[in-house]
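Some notes on the structure that comes next.
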Amino acid sequence: MANTQIDMRKIKQIFKLYSEGISKRKISLVTGLSRNTITKYIDFFKRYQLTNYEVSAMTLEELNNLFKTDQKDKSPQLLTLETYFPYFDKELRKTGVTKELLWQEYYAKHPDGYKISQFRYWYREWAKEVSPVMHFTHKAGDKPFIDFTGKKLSIVDRHTGEIQDL
């Protein structure tokens with residue numbers, strides 16, 4: 001999407017690579033961003049006269065606040081919705097709870113509130129900020145990873161037909 005802000009980790013990576021003397025073209029290839037975007041962020045750091053040490057010492061939140069100076073304030077409707085997000089996050093961890101159920105609960109209390117599509121959009125945006133994602137680097141087939149949701153997994157014994165919960 002045009003003119004959207006990129007992830008703060010990637011911005012840190014851009015400035016780190018640039019300060020190590022790597023060309024903008026090479027940084028573009030490494031990060032998958034256009035050279036114009038790379039130039040835009042490098043010029044931003046030059047304008048603020050920030051060194052590589054200062055940028056690497058900044059937290060992602062501090063770095064994000066540098067770029068948010070020109071953004072609009074949030075609407076009261078959005079601020080009200082955001083107060084529910086920690087509760088929704090906790091509830092979504094329970095079996096059988098869906099975003100639609102939580103939206104219905106929210107909408108019953110606030111009939112003038114957001115509809116479900118905007119509710120889901122703002123929840124995703126909030127989740128991006130508070131729930132960082134970590135990339136696992138591992139050799140394929142080296143370790144088994146099991147990821148499932150819902151009720152507990154069970155195994156059926158072929159010979160006896162006995163069901164064992166894990």
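The values are calculated or read from the model by the stated rules, or taken from the named source; none is laboratory data. Remember, it's a predicted structure, so these values are computed and weren't measured experimentally. Quick reminder, even Gly has a Cβ in these numbers, built from the backbone with ideal geometry, and neighbours come from all protein chains shown.
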Report task. Looking at (1) surrounded by 14 or more Cβ atoms within 10 Å (Cβ to Cβ); (2) closer than 16 Å to ASP7 by Cα, find the lone condition where LEU50 falls short. Result -> (2)
Query raised in the report: Given (1) at pLDDT below 90; (2) outside any helix (DSSP H, G or I); (3) surrounded by fewer than 12 Cβ atoms within 10 Å (Cβ to Cβ); (4) not aromatic (Phe, Trp, Tyr), where does LEU79 come up short, assuming only one miss?
Result: (2)
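Restricting to the range 37-53, name every residue that is within 24 Å of the chain's Cα centre (by Cα) and of a type outside the set (Ser, Thr, Tyr).
Here is the first cut: in the range 37-53, the ones within 24 Å of the chain's Cα centre (by Cα) are 37-38, 40-42, 44-45.
Once the filter is applied, which keeps residues that are within 24 Å of the chain's Cα centre (by Cα) and of a type outside the set (Ser, Thr, Tyr), the range 37-53 yields ILE38, LYS40, ILE42, PHE44, PHE45.
In the range 90-129, which residue that is in contact (Cβ under 8 Å) with a residue 24 or more places away in the chain and within 14 Å of the chain's Cα centre (by Cα) is surrounded by the fewest Cβ atoms within 10 Å (Cβ to Cβ)? Quick ask: steps written out before the conclusion?
Within the range 90-129, the subset in contact (Cβ under 8 Å) with a residue 24 or more places away in the chain is 95, 99, 106, 110, 112-114, 119, 122-123, 126-127.
Checking the rest, the ones that are also within 14 Å of the chain's Cα centre (by Cα) come to 122-123, 126-127.
Values: TRP122: 17, TYR123: 22, TRP126: 18, ALA127: 14.
The selected residue is ALA127.
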Report task. Could you run through the range 54-63 and say how many residues are surrounded by 14 or more Cβ atoms within 10 Å (Cβ to Cβ) and either over 20 Å from the mean Cα position of the chain (by Cα) or under 13 Å from LYS10 (Cα atoms) (or both)? Result -> 3
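For the range 50-76, what are the residues that are in a helix (DSSP H, G or I) and in contact with a Lys or Arg (Cβ under 9 Å, 6 or more places away or on another chain)?
ASN52, VAL55, SER56, LEU60, LEU63
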Query raised in the report: Among all residue pairs at least 6 apart or on different chains, which show Cβ distances below 7 Å where the first residue, located in the range 32-51, is of a type in the set (S, T, N, Q) and the second is surrounded by 11 or more Cβ atoms within 10 Å (Cβ to Cβ) and part of a helix (DSSP H, G or I)?
Result: SER34/SER28; THR39/LYS24
